[in-house]
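Take a look at the structure below.
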Amino acid sequence: MRQVQLLDTVSVSYTASLAGGEIIEEVPESSPMTLSIGSGQILKAVEAAMMGMHIGDSRTMHILPEDAFGTYDPQLRQDIPRQVFGGRLDPQPGMLLSLAMEQEGEQRQVPATVLAADQHTVTVDYNHPLAGKTITYTVKLHAIGN
């Protein structure tokens, strides 16, 4: 029976969840997704863990932060004076903002999550919301194409 190899096109369903059981992404068995192994459509660590699977196999894998969305970096938290928003926006905790930030000598728009806001300061976090978290994927292989 054929096994998943690099560059195969496969049909899979999966559930991605956090340690507490919260589901962060799901592709149901009723409508599996098609992807090419090595294309980067899903995390590389998940693709690598699928190598050697046979049609009908299910596999559960725990993807560490460094292989998922990175480790959490507390230095990516920043306090911004509220006046920077000039009254155009009223940042509230939980909001996702697109802010200008200098990276490698260039101004770029980057996502930031508002952690706290008072009348003087807005605290934002530039880490990915899933940074520092281990993600558990349960993958079922439905088909292997050519």
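The values are calculated or read from the model by the stated rules, or taken from the named source; none is laboratory data. No experiment lies behind these values; they were computed from the predicted model shown. All Cβ positions, glycine included, derive from the backbone under ideal geometry; neighbour counts span all protein chains shown. With ligands, DNA and RNA removed, areas are computed over all heavy atoms of the protein, side chains included. Shrake-Rupley method; radii C 1.70, N 1.55, O 1.52, S 1.80 Å.
Of note:
- Within region 44-59, considering residues that are free of Cβ contacts under 8 Å to residues at least 40 places away in the same chain and not small (Gly, Ala, Ser), the one least open to solvent (accessible area, probe 1.4 Å): Glu47
- Yes/no for Val27 being on the phi < 0 side of the Ramachandran plot and surrounded by 15 or more Cβ atoms within 10 Å (Cβ to Cβ): yes
- Tallying residues that are more than 23 Å from the chain's Cα centre (by Cα) and charged (D, E, K, R) within region 62-103 yields 4.
- The listed residue being farther than 16 Å from Tyr137 by Cα, among the acidic types (Asp, Glu) and open to solvent by 90 Å² or more (accessible area, probe 1.4 Å), out of Asp8, Asp79: Asp79
- Residues located in region 109-128, provided they are without any contact (Cβ under 8 Å) to a residue 40 or more places away in the chain and either in contact with a strand residue (DSSP E or B) (Cβ under 6 Å, 6 or more places away or on another chain) or not charged (D, E, K, R) (or both): Gln109, Val110, Pro111, Ala112, Thr113, Val114, Leu115, Ala116, Ala117, Gln119, His120
- For region 82-93, the set of residues classified as in contact (Cβ under 8 Å) with a residue 12 or more places away in the chain and either open to solvent by less than 60 Å² (accessible area, probe 1.4 Å) or in contact with a Lys or Arg (Cβ under 8 Å, 6 or more places away or on another chain) (or both) consists of Arg82, Phe85, Pro91, listed by residue number.
- When residues of region 95-146 are limited to those that are of a type in the set (Asp, Glu) and part of a strand (DSSP E or B), the one nearest to Pro65 (Cα to Cα): Asp125
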